[in-house]
């Protein structure tokens with residue numbers, strides 16, 4: 001090969017590939033486009049997450065390395081997404097490791113083959129960007145998945161000077177892309193640098209990576225046969241040594257046509273098909289025109305699949321269909337041309353939509369949420385320190401005094417008194433002068449001792465009652481002091497973590513109420529927020545990821561309902577209008593994107609989906625709340641109920657934190 005290969009992986013992951021290529025005599029440039037950082041704050045909750053799990057799931061070597069930094073646990077079995085990740089787990093000290101040898105779908109299948117849902121939950125060591133929908137796949141199989149973000153990956157803001165130079169001077173022949181996020185980052189930086197990629201080949205690990213890279217004009221885009229390092233090496237080995245730049249007149253769709261050619265094929269890509277042209281319009285005749293015959297064929301094909309409603313998305317421009325005239329033959333010709341144009345435009349728009357990278361919506365909010373939580377906990381601890389005061393010595397010594405007195409009382413046995421009484425009765429029944437004077441004196445002495453011990457016990461009983469009262473006062477003081485405040489802070493922290501993870505949180509509420517129970521004012525201050533949280537405490541609320549995963553089915557249901565409502569046509573409608581109405585019942589064109597205008601159901605749905613993908617649950621709820629009553633609103637209701645429950649829980653949690661801080665700060669003054 002005449003050029004060099006650019007490797008875009010993080011340094012530690014890029015080295016094995018660079019070494020393998022160097023042994024083949026291929027020069028490389030390593031340009032990490034994602035910076036990986038382990039999150040130290042995840043160490044404490046990680047220990048709790050691992051309790052009772054039957055297996056750990058690793059979807060990247062970065063997850064393995066982050067886990068190894070944060071936890072010493074190596075006694076749990078591991079299922080890894082691929083061989084490289086499995087090797088990283090073995091190097092980290094895990095002994096029971098098995099590789100799925102593929103993507104998250106393969107990992108989910110391996111879990112179902114090897115494990116049982118009733119054997120315990122699973123733990124996923126995740127990063128700030130999660131590929132695939134492992135949680136949904138496992139939930140559908142009955143598994144419980146605990147996920148913790150152990151590391152974050154931040155995209156590069158610009159190419160390094162070395163990489164920029166070799167890219168702009170044409171020294172780079174091929175670019176290796178291992179993830180959709182890396183490909184999207186490369187595309188952003190390449191566009192910002194006005195970089196011409198038409199002389200380079202994009203080598204992609206999977207079709208999803210190729211989609212993200214497809215926003216640029218490449219000489220070709222190649223996809224590995226399997227999503228692993230050996231397949232990527234095989235793909236590199238299969239590339240021809242000479243490359244030709246894309247001719248200046250070649251269009252973007254023509255350059256992208258190489259994506260459809262398998263990596264093992266040496267045949268050139270076929271030229272794109274010509275756009276269909278409508279047949280010429282003929283004079284009206286009693287017999288059907290050629291256009292009518294063609295349209296009848298199209299309608300027949302659609303009617304054959306009438307049981308399935310197709311949903312085609314476009315973003316965000318509308319696809320308008322010209323109004324039909326009342327002349328049937330003219331309508332047939334116009335509709336034929338429009339259908340041909342729509343087919344071409346839909347293919348182009350669909351390719352653009354699928355190439356857009358989707359960034360998990362909750363990433364932007366994680367840092368702000370953690371910062372706010374740390375600030376609230378610090379405020380609670382500050383209030384705790386202000387409220388706490390040194391206890392006097394007479395109070396701190398109460399527990400020991402109580403223990404000593406209880407020992408003294410336990411030594412006073414009723415059997416002693418019974419024995420003395422029996423001995424006295426026996427002496428009194430014997431004749432006088434029988435020489436028992438000494439025995440009588442001994443009994444009297446024992447009675448005196450017992451009498452003294454009895455008086456001591458009575459005094460001890462009084463002391464015990466006083467001490468118990470003092471300890472009760474001490475417990476109440478503790479509830480109002482720093483110990484109580486610290487317990488409240490910990491309980492709120494635990495409550496927040498359980499709500500964020502979608503787990504039941506009734507136990508955290510019970511603990512919080514117990515810590516606040518000694519202070520009526522504090523209990524009253526927390527009661528409103530706790531009342532809202534208790535509504536879903538036993539089952540938990542949906543996470544952002546769960547709401548995003550469930551939205552696709554909801555969107556389809558809303559689209560189908562909107563299509564059914566719009567299907568009715570006037571009995572006086574023309575042939576063309578009736579055809580369009582029938583086609584609308586079979587194929588619904590749904591807009592997509594946050595810039596779609598209008599208040600009709602599909603416009604609201606498009607904006608809601610865009611906002612949800614950006615992490616704005618409140619905005620998505622607001623959009624769907626404006627849907628018209630009836631079948632359309634009913635289709636959205638199940639998802640809206642879950643989303644509103646999460647919003648209510650988050651708002652109540654924020655209020656709970658604020659009310660607790662205010663109440664504890666007031667008590668400390």
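Tally up the residues in segment 156-171 that are in contact with a helix residue (DSSP H, G or I) (Cβ under 8 Å, 6 or more places away or on another chain), within 13 Å of residue 32 (Cβ to Cβ) and surrounded by 14 or more Cβ atoms within 10 Å (Cβ to Cβ), please.
Qualifying residue count for the region: 2.
Within segment 9-18, does at least one residue satisfy the condition of being surrounded by fewer than 16 Cβ atoms within 10 Å (Cβ to Cβ), in a helix (DSSP H, G or I), touching a residue at least 12 places away in the same chain (Cβ under 8 Å) and touching a strand residue (DSSP E or B) at 6+ places or on another chain (Cβ under 7 Å)?
yes
Give segment 104-123 a look and list any residue that's over 22 Å from the mean Cα position of the chain (by Cα) and under 21 Å from residue 503 (Cβ atoms), or say none.
115, 116, 118, 119
Need the failing condition index for residue 90 against (1) more than 26 Å from residue 615 (Cα to Cα); (2) touching a strand residue (DSSP E or B) at 6+ places or on another chain (Cβ under 6 Å); (3) in contact (Cβ under 8 Å) with a residue 12 or more places away in the chain, just the number.
(3)
Scan (1) surrounded by 18 or more Cβ atoms within 10 Å (Cβ to Cβ); (2) free of Cβ contacts under 8 Å to residues at least 40 places away in the same chain; (3) in a loop (DSSP other than H, G, I, E, B) for the single condition residue 53 breaks and write down its number.
(2)
With 208, 129, 192 as the choices, which residue is under 20 Å from residue 80 (Cβ atoms), modelled with pLDDT under 90, outside the structural domain of residue 69 (by TED's automatic domain parsing) and surrounded by fewer than 24 Cβ atoms within 10 Å (Cβ to Cβ)?
208
Among the residues of segment 533-562, count how many are in contact with a helix residue (DSSP H, G or I) (Cβ under 6 Å, 6 or more places away or on another chain) and surrounded by fewer than 16 Cβ atoms within 10 Å (Cβ to Cβ).
Final tally of qualifying residues: 1.
I'm trying to understand the selection: among the residues of segment 138-191, which are under 30 Å from residue 56 (Cα atoms) and part of a helix (DSSP H, G or I)?
138, 139, 140, 180, 181, 182, 183, 184, 185
Would you point out which residue out of 86, 135 is buried (at least 19 other Cβ atoms within 10 Å of the Cβ), modelled with pLDDT under 90 and in a helix (DSSP H, G or I)?
135
Yes or no, residue by residue, for (1) in contact with a helix residue (DSSP H, G or I) (Cβ under 6 Å, 6 or more places away or on another chain); (2) assigned by TED's automatic domain parsing to the domain that holds residue 177; (3) farther than 20 Å from residue 13 by Cα:
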{"residue": "40", "(1), (2), (3)": "no, no, yes"}
{"residue": "44", "(1), (2), (3)": "no, no, yes"}
{"residue": "71", "(1), (2), (3)": "yes, no, yes"}
{"residue": "86", "(1), (2), (3)": "no, no, no"}
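Given the criterion more than 22 Å from the chain's Cα centre (by Cα), free of Cβ contacts under 8 Å to residues at least 60 places away in the same chain and either over 24 Å from residue 526 (Cα atoms) or not in a loop (DSSP other than H, G, I, E, B) (or both), identify the matching residue among 655, 604.
On inspection, the qualifying residue turns out to be 604.
Would segment 628-635 turn up any residue that is touching a helix residue (DSSP H, G or I) at 6+ places or on another chain (Cβ under 8 Å), surrounded by fewer than 20 Cβ atoms within 10 Å (Cβ to Cβ) and part of a loop (DSSP other than H, G, I, E, B)?
yes
Just wondering, is there one or more residues in segment 197-204 that are surrounded by 20 or more Cβ atoms within 10 Å (Cβ to Cβ), in the same structural domain as residue 26 (by TED's automatic domain parsing), within 28 Å of the chain's Cα centre (by Cα) and at pLDDT 85 or above?
Yes: one or more hits.
From 216, 150, which residue is at pLDDT 90 or above, within 30 Å of residue 497 (Cα to Cα) and within 30 Å of the chain's Cα centre (by Cα)? Steps first, answer last, please.
Details: 216 fails: within 30 Å of residue 497 (Cα to Cα).
Just one listed residue meets the conditions, 150.
Out of 487, 518, which single residue is outside any helix (DSSP H, G or I) and at pLDDT below 85?
518
Can you tell me which residue is surrounded by the fewest Cβ atoms within 10 Å (Cβ to Cβ) among those in segment 486-511 that are without any contact (Cβ under 8 Å) to a residue 60 or more places away in the chain and more than 22 Å from the chain's Cα centre (by Cα)?
Taking the candidates together, the pick is 510.
The values are calculated or read from the model by the stated rules, or taken from the named source; none is laboratory data. If you're wondering where the values come from, they're calculated on a predicted model, not measured in any experiment. We place every Cβ from the backbone using ideal geometry, glycine too, and count neighbours over all the protein chains shown.
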